[in-house]
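No value in this document is a laboratory result; all are computed from the given coordinates. Bear in mind that the values here come from a model prediction, so they are computed numbers and not experimental data. Positions of Cβ are generated from backbone atoms using ideal geometry, with glycine treated the same way; all protein chains shown enter the neighbour counts.
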Amino acid sequence: MTTFSKKRVLAFLLAFLMICGISLEIAPDAYAASVPSAPSIYLSNQTSSSVRVNWSAVSGATSYYVYVNGSLKRTTSDKYFNISGLTAGTKYTFNVKAYNTSGLSASSTTLSYTPSVPAPAAPRISLSDKTTSSVKVSWGAISGATKYYVYRNSSLYATTTVTNVTVSGLSVGGNYSFYVKAYNSGGYSASSNILSYSPSAPPPSAPAAPKISLSDQTASSVKVSWGAVSGA
């Protein structure tokens, strides 16, 4: 029987009793709404800085109280609440209570969420200080990165917290490729651009100046002589 039907029956009963000269005292809250039951919640749309708290409608509830880390965050008549401004790596707890004029329900189950730290962006590298046996690989600092992995010919060459590494042990005529990945607790970035370097032999240096001498002088000729110069 609905509350409305109960009220009609009560009205007829009171009228009948009055006709019969019988008085009956009825408690004013005899048919007051009961406290709603606890909501059932779940989380969705999780990102590194936000999450949505959802719950099913509770019969008799007129609004819902949403708590974050035990403190009231929002009162709403919706069946969800988007919470933003979360910090990656920090644990948050969520629970919801239903409300009507009779009071608050018991708390829902408490759920927790720790936003993950996003992986850093990929570096962009350049090569400099090239010699026959080494080359310097450099890149700009990547926000959020805690270290960098430097690869030579697809094999890990070095791990570093600075933004450059000099790769040594190269051979003239060898072909070498280089790329870098940034890293933090959220994982590895994509690979940087790939650059190649092939050391070549240096050009020969200019020969030393010869030292000359004169001989066999005549009235019309002279012999100019010099020693062999290395590399000439």
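For the reader, a short list of remarks on this structure follows.
- Among TYR42, TYR148, sorting on how many other beta-carbon atoms sit within 10 Å of each Cβ, with the fewest leading, yields TYR42, TYR148.
- The count of lysine pairs in the chain that are at least 8 places apart or cross chains, and whose C-alpha atoms lie under 20 Å apart, stands at 7.
- Length gained on full extension, SER200 to ARG52, computed as 0.36 nm times the residue gap minus the Cα-Cα distance: 47.3 nm.
- Both numbers refer to the Cα atoms of the chain; Rg and Dmax are 42.4, 169 Å.
- Simple Cβ-charge dipole of the chain, Lys/Arg +1 and Asp/Glu -1, about Cα centre, in debye nearest 20: 80
- The SER230 and SER134 beta-carbon pair, evaluated with R₀ = 41 Å, returns a calculated FRET efficiency of approximately 0.90.
- Helix 3-19 vs. the chain, principal-axis angle (Cα, 0 to 90°, nearest 10): 20
- For the residues SER221, SER116, SER105, a GNM of the chain with alpha-carbon springs under 10 Å puts the largest fluctuation on SER221.
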